[in-house]
1. Restricting to the stretch 81-105, count the residues that are without any contact (Cβ under 8 Å) to a residue 24 or more places away in the chain and out of contact with any helix residue (DSSP H, G or I) (no Cβ under 8 Å at 6 or more places or on another chain).
2. In the stretch 177-191, what residues are free of Cβ contacts under 8 Å to residues at least 12 places away in the same chain and assigned to a loop (DSSP other than H, G, I, E, B)?
3. Residues in the stretch 53-71: is at least one within 17 Å of residue 125 (Cβ to Cβ) and either in a helix (DSSP H, G or I) or over 15 Å from the mean Cα position of the chain (by Cα) (or both)?
4. Tell me which residues, restricted to the stretch 141-176, are in contact (Cβ under 8 Å) with a residue 40 or more places away in the chain, surrounded by fewer than 16 Cβ atoms within 10 Å (Cβ to Cβ) and within 30 Å of residue 101 (Cα to Cα).
């Protein structure tokens with residue numbers, strides 16, 4: 001049997017799949033979300049893209065310990081994005097605020113998929129459009145408050161979820177529609193958030 005030599009055009013780079021940063025904080029994992037799954041509540045892919053852009057721009061994310069942080073996002077509670085085993089996880093949800101519905105994400109911290117595994121603990125629900133700012137605040141507090149050489153997971157165990165909840169307290173309140181109407185539009189969407197078109201998803205049996 002004659003095997004042809006591989007073409008120089010074959011590989012990850014020519015199809016834009018050879019970007020740097022695998023297994024670092026910029027390697028954000030998400031499920032398909034509302035792009036293809038009708039069970040999804042929010043746009044997990046949309047949030048993943050926005051967070052990755054912020055990470056690539058921000059100077060804090062070059063910190064070696066920060067680069068070790070793993071982010072995982074699911075568009076709903078089903079955890080197809082495995083948010084429950086992330087250092088920082090998010091799962092989509094909907095929040096009623098003064099008679100209107102807005103897209104949000106439950107923030108979780110301290111999960112791990114290695115060893116015996118650790119389930120991430122819920123911190124609070126954050127409006128989808130406010131997640132990048134809340135995420136940045138969380139990273140900044142970690143950098144300021146960690147001990148020398150302390151990974152994020154150990155930092156979470158030491159300070160506790162109640163402390164993280166307190167430093168992110170400003171994000172607990174959902175934006176009012178008349179002050180920030182875009183908070184009621186999901187990432188990548190062009191209309192007000194609604195659950196009316198949700199139904200059986202790609203993972204349903």
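1. The qualifying residues number 2.
2. Correct list: 178, 179, 190, 191.
3. no
4. 172, 176
Computed from the coordinates by the stated procedures, all read-outs in this text should not be read as laboratory data. Since we're looking at a predicted model, the values are computed, not measured. Virtual Cβ from ideal backbone geometry, glycine too; neighbours counted across all protein chains shown.
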